[in-house]
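Novice: Sharing a structure, written as structure tokens. Questions coming.
The values are calculated or read from the model by the stated rules, or taken from the named source; none is laboratory data. Since the model is a prediction, treat every value here as computed from it, not as a measurement. Cβ sites come from the backbone with ideal geometry, for glycine too, and all protein chains shown count toward neighbours.
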Amino acid sequence: MAVKFPAFLGTVRQWHWISSAVCLVGMLLFAVTGITLNHAGDIEASPVVTTQELTLTPGLTALLARRDHGALPGALRQWLLQHDIRVPERAAEWDDDEIYLALPQPGGDAWLSIERDSGELIYEHTSRGVISYLNDLHKGRNTSVAWSWFIDIFSLLCVIFSLSGLWLLARYAQQRPGSWPLVVLGALIPLLIIILTFH
């Protein structure tokens, strides 16, 4: 017997194809990066490191002398932007001699160090390539809140896609007698691998 939803909710078939359409690109991305993550040790990466050494203006150096905690001042972040260094409004590590700011990001890393007395600044950025970038997106490593929300919503849509597919499978199982053995096989294969090969 067909499951009936209120008219505004549509049908299970509609939920299935809409969720599959929305999830298509994300599922391909996560499937491919699942393979690259599984073989991360076999994929060679050639990190590219760029370094900049700068000296702050006397005004910025004096501005830092009046602070001892929190994020870098907006004037300093604007000055850094002129040198192609993007710094978010994030708390830095302050001590008497140095200000240090870690800038982790997907597919790479960066950091910034400023000597408080001289105003000498070192910025280093490391990029590990596209595959590393996509792998970090898969894991949600060093990403944004927006990306975290995307992963949650995408996962929910994948659950809807899977459950609506299961319902359609049950609905038309009599016409396709090989369906349930394949479903059972799909559940048994990972279970057997876990039982027989994990210590």
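Novice: Quick one: would you say Val12 is farther than 30 Å from Ile153 by Cβ and of a type in the set (Val, Ile, Thr)?
Specialist: It is false that Val12 is farther than 30 Å from Ile153 by Cβ and of a type in the set (Val, Ile, Thr).
Novice: What number of residues within the stretch 58-103 satisfy the criterion of being in contact with a helix residue (DSSP H, G or I) (Cβ under 6 Å, 6 or more places away or on another chain), β-branched (Val, Ile, Thr) and either over 21 Å from Ser127 (Cβ atoms) or at pLDDT 95 or above (or both)?
Specialist: Result for the stretch 58-103: 0.
Novice: Does Asn142 satisfy the condition of being polar (S, T, N, Q) and touching a Ser or Thr at 6+ places or on another chain (Cβ under 6 Å)?
Specialist: It is false that Asn142 is polar (S, T, N, Q) and touching a Ser or Thr at 6+ places or on another chain (Cβ under 6 Å).
Okay, residues lined up against (1) aromatic (Phe, Trp, Tyr); (2) more than 30 Å from Ile18 (Cβ to Cβ):
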{"position": "Gly70", "(1), (2)": "no, yes"}
{"position": "Pro73", "(1), (2)": "no, yes"}
{"position": "Gln82", "(1), (2)": "no, yes"}
{"position": "Tyr100", "(1), (2)": "yes, yes"}
{"position": "Gln105", "(1), (2)": "no, yes"}
{"position": "Arg116", "(1), (2)": "no, yes"}
{"position": "Arg128", "(1), (2)": "no, yes"}
{"position": "Val145", "(1), (2)": "no, no"}
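Novice: For the stretch 87-96, does any single residue satisfy the condition of being out of contact with any Asp or Glu (no Cβ under 9 Å at 6 or more places or on another chain), acidic (Asp, Glu) and surrounded by 11 or more Cβ atoms within 10 Å (Cβ to Cβ)?
Specialist: Checking the stretch 87-96: at least one residue is out of contact with any Asp or Glu (no Cβ under 9 Å at 6 or more places or on another chain), acidic (Asp, Glu) and surrounded by 11 or more Cβ atoms within 10 Å (Cβ to Cβ).
Novice: While we're looking at this one, here's another question. Determine whether Val159 is loosely packed, with under 13 Cβ neighbours inside 10 Å and over 30 Å from Trp17 (Cα atoms).
Specialist: It is false that Val159 is loosely packed, with under 13 Cβ neighbours inside 10 Å and over 30 Å from Trp17 (Cα atoms).
Novice: Okay, next question. Looking only at the stretch 17-62, count how many residues are touching a Gly at 6+ places or on another chain (Cβ under 6 Å) and under 30 Å from Phe150 (Cα atoms).
Specialist: Counting residues in the stretch 17-62 that are touching a Gly at 6+ places or on another chain (Cβ under 6 Å) and under 30 Å from Phe150 (Cα atoms) gives 1.
Novice: For the stretch 169-181, what are the residues that are in a helix (DSSP H, G or I) and either surrounded by fewer than 14 Cβ atoms within 10 Å (Cβ to Cβ) or free of Cβ contacts under 8 Å to residues at least 40 places away in the same chain (or both)?
Specialist: Those that are in a helix (DSSP H, G or I) and either surrounded by fewer than 14 Cβ atoms within 10 Å (Cβ to Cβ) or free of Cβ contacts under 8 Å to residues at least 40 places away in the same chain (or both): Leu169, Ala170, Ala173, Gln174, Gln175, Ser179, Trp180, Pro181.
Novice: Specify which of the listed residues (Pro106, Pro88, Pro58) is of a type outside the set (Ser, Thr, Tyr), in contact (Cβ under 8 Å) with a residue 24 or more places away in the chain, under 30 Å from Leu157 (Cβ atoms) and outside the structural domain of Phe161 (by TED's automatic domain parsing).
Specialist: Unique residue meeting the criteria: Pro106.
Novice: For Ser118, are the conditions met, namely being loosely packed, with under 12 Cβ neighbours inside 10 Å, modelled with pLDDT under 95 and not assigned by TED's automatic domain parsing to the domain that holds Asn38?
Specialist: Yes; evaluated as a whole, the condition is true for this residue.
Novice: Among the residues of the stretch 121-142, which ones are surrounded by fewer than 17 Cβ atoms within 10 Å (Cβ to Cβ) and either in contact (Cβ under 8 Å) with a residue 24 or more places away in the chain or aliphatic (A, V, I, L, M) (or both)?
Specialist: Matches in the stretch 121-142: Ile122, Glu124, Thr126, Gly129, Val130, Tyr133, Lys139, Arg141, Asn142.
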